[in-house]
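Only one structure is covered here, and it is reproduced in the block below.
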Amino acid sequence: MVRLATRIGGLTLANPVMPASGTFGPELAEVMDLNRLGALVTKSVTPEARLGNALPRLAETENGLLNSIGIPGKGLAHFTAKAMPEWRRFRVPLVVSLSAPSVAEFARAAAVLAATPGVAAIEANISCPNLEEDGRAFAMLPDSAAAAVAAIRAASALPLWVKLSPNTADIAAVARACEAAGAEALVVANTILGLAIDIETARPKLGASMGGFSGPAFKPIALRLVWQCAQAVGIPIIGVGGISTAEDAVEFMMAGASAVQVGTASFVQPTAMLDVLDGLAAFCARRGITDVAQLVGMALPARERLAAE
Amino acid sequence: MDTAPSGFAIAQHACPVLESAPVGQRYHRLVVAAPGLAVRTRPGQFCHLLCRDAGGNGPYLRRPMSIWRIGTDGTLGFLLHVKGRGTAALARLRPGDALDVVGPLGVGFSLPPGARRVLVLARGVGLATLAPLNALPVAVHAVLSARAPEDLMAAEFGASSFEAVFDSDGSSAPAAVEALLRRRFERERPDAVFTCGSNRLFLLLQRLAAEYGIPGQVALEQQMGCGLGMCFCCVRDIRDDAGQVTHQRVCREGPVFDLQRAMSW
Ligand SMILES: Cc1cc2nc3c(=O)[nH]c(=O)nc-3n(C[C@H](O)[C@H](O)[C@H](O)COP(=O)(O)OP(=O)(O)OC[C@H]3O[C@@H](n4cnc5c(N)ncnc54)[C@H](O)[C@@H]3O)c2cc1C
Ligand SMILES: Cc1cc2nc3c(=O)[nH]c(=O)nc-3n(C[C@H](O)[C@H](O)[C@H](O)COP(=O)(O)O)c2cc1C
Ligand code: FES
């Protein structure tokens with residue numbers, strides 16, 4: 001038997017496999033047993049209701065896709081009153097992804113989640129635009145990222161995961177700033193900004209023009225980001241980006257991730273998360289690895305591996 | 001809830017292809033063996049198909065496809081307009097190849113209580129979505145609209161009673177179809193109306209059905225990502241109970257919506 005239990009800061013998960021925010025919902029319980037997962041992660045919840053972006057919201061690429069969904073949702077009050085009871089049907093720790101347009105709104109919303117029974121952790125989606133900084137994403141710069149993280153930390157005692165964006169010049173600096181501001185884990189990474197053009201109409205294919213690139217073709221970039229963050233911080237990293245098989249997950253863990261999230265792959269293979277989980281255990285068994293945590297950082301250069309442990 | 005042998009309402013199936021043949025110039029029919037799926041499928045539901053030919057070539061995402069035939073022998077049929085990469089890959093499948101199907105998905109058609117006679121208004125391949133209504137215990141009269149007689153596919157629709165209108169002779173013009181529908185509504189008033197495949201015909205039927213007080217439904221299409229209600233890329237404007245315009249997911253709240261609540265697309 002391979003030990004799959006995974007510690008992310010103060011939280012112990014039954015295994016290291018979970019969904020990526022925005023690509024998952026309780027609807028998937030009609031296809032598979034969600035209680036087999038290490039954690040559940042909600043779509044990003046925003047303080048106020050949002051309609052989302054203009055359509056089309058998706059553009060297919062070779063082995064991946066661009067999305068500009070725009071975080072539609074009914075807002076935080078609806079989430080705590082109406083969505084939480086549905087989530088609480090499941091036994092697995094619930095991670096609530098939180099997105100907000102300002103530092104103060106992040107803090108206020110985090111306080112509400114801290115007072116909501118059944119929330120196991122907050123995943124701060126700081127890839128969203130900061131309206132106080134000309135709409136630049138919080139995660140673009142170390143200072144704005146740290147300001148959001150520190151405000152959430154002060155407002156709530158819940159375990160705090162922070163989801164970083166590839167759309168930054170220096171991910172290691174952002175990672176260190178988030179760690180210093182009180183992040184308990186980093187989720188690496190959100191989608192990378194991309195574009196597709198319809199050459200018949202000479203217009204962008206997405207209603208919002210640019211969109212976030214995800215799926216298998218995005219994997220090498222996300223893997224590189226995990227590798228860089230693992231060498232920059234001591235807190236656990238949750239790897240995400242293009243994972244669709246157990247082999248992909250093993251790569252992310254070897255690059256320094258303690259756990260993984262599966263996003264876009266679930267659109268093509270609805271049970272992809274279970275395939276990753278079963279395959280991960282099988283890989284460890286085949287290689288004589290008794291604890292999945294032994295994979296973490298295996299591929300890192302020796303010096304950095306020590307730092308990551 | 002009605003569940004597959006796996007215990008889950010929705011499942012991924014590897015279905016052997018039994019028939020794969022072109023229909024006219026632009027369409028293609030696929031019939032697969034799907035015993036576990038066919039028994040749980042309701043008219044108006046759809047499947048999400050992995051569009052890969054036997055060599056594995058095809059686009060990354062699945063494509064939504066209405067269930068055109070629900071066989072009592074455990075088969076399912078799809079009728080497709082060969083349009084782009086996905087449907088072209090499906091058309092390359094041959095008997096014996098496997099089709100990867102996720103389903104059944106979405107909310108299908110429902111008949112008002114006591115309905116005995118319904119009218120169906122279909123444009124193009126929209127008739128694939130409406131065809132399973134023929135299996136319900138009601139008399140179906142169809143008005144089928146197509147570009148030209150060779151595109152009609154009346155046999156594929158399978159109704160015993162139908163009228164056809166065409167672009168090629170002008171009979172499909174909105175004013176002509178309106179006159180035709182008014183005649184029908186006055187002579188043999190249907191208990192419900194159903195439509196799929198054309199925004200113009202939808203608007204016409206919505207207006208006339210409201211005028212005559214006949215309930216109805218429309219099957220909508222929208223580009224999809226997950227097909228399962230998780231990504232919110234497939235939304236359309238639909239009026240809610242209070243008449244407010246809301247975004248509803250075609251894959252989850254639909255693809256079949258109340259005729260009066262749906263909006264022009
Ligand atoms: C619920 C539902 C049922 C459908 N049933 C049928 C059917 O029975 N027969 C049939 O021929 N077609 C049906 N369609 C439309 C069919 O899904 C599209 O024609 C198909 O996705 C085109 O894919 P492609 O790769 O061949 O074309 P491309 O044009 O190359 O596709 C490019 C992109 O556009 C999307 N797209 C293009 N047209 C449509 C459309 N009309 N609806 C949704 N997405 C679209 C594709 O999914 C893809 O993301 C249905 C659509 C929906 C939503
Ligand atoms: C349709 C879609 C919606 C997404 N919505 C969110 C979201 O609300 N919040 C968030 O933090 N990330 C969101 N993401 C990003 C994913 O969580 C993930 O970081 C990214 O897609 C890379 O992983 P993948 O390649 O496995 O999909 C979304 C991605 C997609 C494709
Ligand atoms: S296709 Fe993803 S929500 Fe409908």
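Values in this text are rule-based calculations from the coordinates and carry no lab data. Worth saying up front: this structure is predicted, and the values here are computed from it rather than measured. Cβ atoms come from the backbone with ideal geometry, glycine included; neighbour counts cover every protein chain shown.
If you take every residue apart from A:Trp161 with its C-beta less than 11 Å away from the C-beta of A:Trp161, what net charge results, scoring Lys and Arg +1 and Asp and Glu -1?
On the way: positive: A:Lys163; negative: A:Glu123, A:Glu184.
Result for the local shell: -1.
Among the DSSP beta bridges whose two residues both lie in chain A, what percent are antiparallel, rounded to the nearest 5? Present the calculation step by step, with values, prior to reporting the outcome.
Numbers: 18 of 43 bridges.
The answer is about 40 percent antiparallel.
To the nearest 20 Debye, how big is the dipole of segment B:11-105 about its Cα centre, given +1 on the beta carbon of each Lys and Arg and -1 on that of each Asp and Glu? Walk me through the numbers before you get to the answer.
Details: 12 positive and 5 negative charges, 66 e Å.
It comes to approximately 320 debye.
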Average silhouette area of segment B:11-105, convex hull of alpha-carbon atoms, in square nanometres: 5.4
Ellipticity estimate at 222 nm from DSSP helix runs (n ≥ 4, -39,500 (n - 2.57)) divided over chain B, nearest 500: -5000 deg cm²/dmol
How well do other chains shield peptide A:50-62, expressed as the mean number of their Cβ atoms within 10 Å of each residue Cβ? 4
Projecting the Cα atoms of A:Pro47, A:Asn63, A:Ala29 onto the charge dipole of segment A:1-71, where Lys and Arg contribute +1 and Asp and Glu -1 at Cβ, the residue farthest towards the positive end is A:Pro47
Please give the contour-minus-distance gain from A:Glu48 to A:Met210: 0.36 nm per residue of separation, less the Cα-Cα distance, rounded to one decimal in nm. 56.0 nm
Kirkwood hydrodynamic radius, the protein assembly as shown, all distinct C-alpha pairs: what's the number in Å? 25.3
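Under a Cβ-Cβ cut-off of 15 Å, what is the net charge of the residues other than A:Pro129 that fall near it, where Lys and Arg count +1 and Asp and Glu count -1?
On the way: positive: A:Arg50, A:Arg136, A:Lys163; negative: A:Glu48, A:Glu105, A:Glu132, A:Glu133, A:Asp134.
Cβ neighbours under 15 Å give a net charge of -2.
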Please identify, among B:Leu180, B:Leu76, B:Leu37, the residue showing maximal mean-square fluctuation in a Gaussian network model of chain B using a 10 angstrom Cα cutoff. B:Leu180
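Out of all DSSP beta bridges in segment B:117-258, what portion is antiparallel? Express it as a percent rounded to 5. Before the final figure, lay out each step's value.
Details: 8 of 30 bridges.
Percent antiparallel among DSSP bridges in segment B:117-258 is about 25.
Order of A:Ile237, A:Ile199, B:Ile70 from fewest to most other C-beta atoms within 10 Å? It would help to have the intermediate numbers written out before the result.
Working: A:Ile237 32, A:Ile199 8, B:Ile70 22.
Listed from fewest to most nearby Cβ atoms, that is A:Ile199, B:Ile70, A:Ile237.
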Charge dipole of segment A:230-309 about the Cα centre (unit charges at C-beta), most positive-ward option of A:Met253, A:Thr271, A:Gly242: A:Met253
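Classify chain A as rounded, prolate or oblate from the Cα gyration tensor: take a ≥ b ≥ c as the square roots of its eigenvalues, call it rounded if a/c is under 1.5, otherwise prolate when a/b beats b/c and oblate if not. Spell out each step's value before the answer.
Values: a/c = 1.27, a/b = 1.18, b/c = 1.08.
Rounded, since a/c falls under 1.5.
Helix-derived [θ] at 222 nm for chain A: sum -39500 (n - 2.57) over DSSP H runs of at least 4, divide by residue count, nearest 500?
Numbers: 9 runs with 87 residues, N = 309.
Roughly -8000 deg cm²/dmol at 222 nm, from the helical runs in chain A.
From the C-alpha coordinates alone, can you work out the Kirkwood hydrodynamic radius of chain B, in Å?
Kirkwood hydrodynamic radius for chain B: 18.8 Å.
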For the protein assembly as shown, what is the charge dipole size about the Cα centre, in debye to the nearest 20, if Lys and Arg each add +1 at the Cβ and Asp and Glu each add -1 at the Cβ? 500
Can you list the aspartates and glutamates whose alpha carbon sits under 12 Å from that of A:Lys74, skipping same-chain ones fewer than 8 residues off? A:Glu48
Candidate lysines for bridging to B:Lys83, where Cα separation is under 27 Å - those fewer than 8 sequence places away on the same chain excluded: A:Lys205
Within chain B, percent of DSSP bridges classed antiparallel, to nearest 5: 60
Which value in nm describes the separation of the simple spin-label points at B:Ala155 and A:Ala180, placed 7 Å from the Cα toward the beta carbon? 7.6
Taking the alpha-carbon centre of each part, the distance from segment B:132-210 to segment A:145-191 in Å is 58
Shielding of A:268-275 by other chains, given as the mean Cβ count within 10 Å, works out to 4
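Apply 1/(1 + (r/R0)^6) to the Cβ-Cβ distance of B:Glu188 and B:Gln260, taking R0 = 35 Å, and write down the FRET efficiency to the nearest 0.05.
Details: r = 22 Å, r/R0 = 0.62.
For B:Glu188 and B:Gln260, the calculated efficiency is 0.95.
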What does the charge count near A:Ser144 come to, summing +1 for each Lys or Arg and -1 for each Asp or Glu among other residues with Cβ under 10 Å from its Cβ? -2
Go ahead and run the numbers for FRET between A:Thr201 and B:Asp169, Cβ-Cβ distance against an R0 of 45 Å, rounding to 0.05. 0.90
Exposure proxy check: B:Phe78, B:Phe162 ranked by fewest other beta carbons within 10 Å? B:Phe162, B:Phe78
Need one value for B:214-225: mean number of C-beta atoms belonging to other chains within 10 Å of its residues' C-beta atoms. 2
Quick one: plug the Kirkwood hydrodynamic radius of segment A:21-130 (C-alpha pairs) into Stokes-Einstein at 37 °C, 0.692 mPa s, and report D in µm²/s. 221
Cβ-based exposure ranking for A:Trp161, A:Trp87, A:Trp227, in which fewest neighbours within 10 Å come first: A:Trp87, A:Trp227, A:Trp161
Largest fluctuation, A:Pro216, A:Pro159, A:Pro204 only, Gaussian network model of chain A with Cα springs under 10 angstrom, belongs to A:Pro204
Binned at 10 Å from zero, the C-alpha pair distances of segment B:117-258 give percents of 12, 39, 34, 14, 1
